[in-house]
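A short worksheet on the structure shown next.
The values are calculated or read from the model by the stated rules, or taken from the named source; none is laboratory data. Since the structure is predicted, the reported quantities are computational estimates derived from the model, not experimental observations. Please note: Cβ atoms are built from the backbone with ideal geometry, for glycine as well, and neighbour counts cover all protein chains shown. To get the accessible areas, we keep the full protein, side chains included, count just its heavy atoms, and leave off ligands, DNA and RNA. Shrake-Rupley method; radii C 1.70, N 1.55, O 1.52, S 1.80 Å.
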Amino acid sequence: QVQLVESGGGLAQPGGSLRLSCTSSGFTFSNAFMNWYRQAPGKESDLVAAITVTGDTNYADSLKGRFTISRDNGKSTVFLQMNSLKLEDTAEYYCNTYMWPFNYWGQGTQVTVSS
């Protein structure tokens with residue numbers, strides 16, 4: 001049974017940092033592409049960052065330079081380091097992986113950026 005469990009969300013001030021974690025189980029993590037998505041209130045879900053099995057990364061253009069995705073295959077965990085947080089980064093953040101034919105999601109972790 002595939003499980004994705006996010007943690008690390010919370011309240012941060014503008015300009016602050018948070019580090020999200022997503023711990024996985026039920027599949028061979030080292031063989032999986034992993035993604036972070038976010039969904040702000042009243043908006044559609046957007047891809048934040050992605051990391052391949054070899055560690056190559058991809059980011060939403062608006063987030064390059066502020067967010068960093070990484071993975072620890074030994075811990076079956078993917079991370080999202082978020083720096084220089086802005087008010088508009090407030091959203092529910094979800095960990096995701098796609099293994100044909102299913103798309104798997106975590107339960108989400110809330111990030112709120114507020115002064």
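Some observations on this one:
- Projection of the Cα convex hull of the chain, averaged over all directions and equal to a quarter of that hull's surface, yields 6.8 nm².
- The tail of the calculated P(r) for the range 1-54, taken as Cα-Cα distances beyond 18 Å, holds 47 percent of the pairs.
- Counted residue by residue at 0.36 nm each, then reduced by the alpha carbon distance between them, the extension gain from Ser114 to Leu11 reaches 36.4 nm.
- Here is the list for the range 56-91: trypsin sites (Lys or Arg not before Pro) lying in DSSP coil, each with at most 15 other C-beta atoms within 10 angstrom of its C-beta, are Lys64, Arg66, Lys86.
- In summary, the aspartates and glutamates within cross-link reach of Lys75, defined as a Cα separation below 17 angstrom excluding same-chain residues under 8 places away, comprise Glu6.
- Taking the accessible area of the chain, probe 1.4 Å, and keeping the other protein chains in place, the carbon and sulfur fraction comes to 48%.
- Near Gly16, once Lys and Arg are set to +1 and Asp and Glu to -1 for all other residues with Cβ below 15 Å from its Cβ, the sum equals +1.
- For the chain, the relative contact order comes to 37 percent (Cα pairs under 8 Å, sequence separation of at least 6).
- Straight-line cross-link partners of Lys86 among the aspartates and glutamates, defined as a Cα under 12 Å from its Cα and at least 8 positions apart when in the same chain, are absent.
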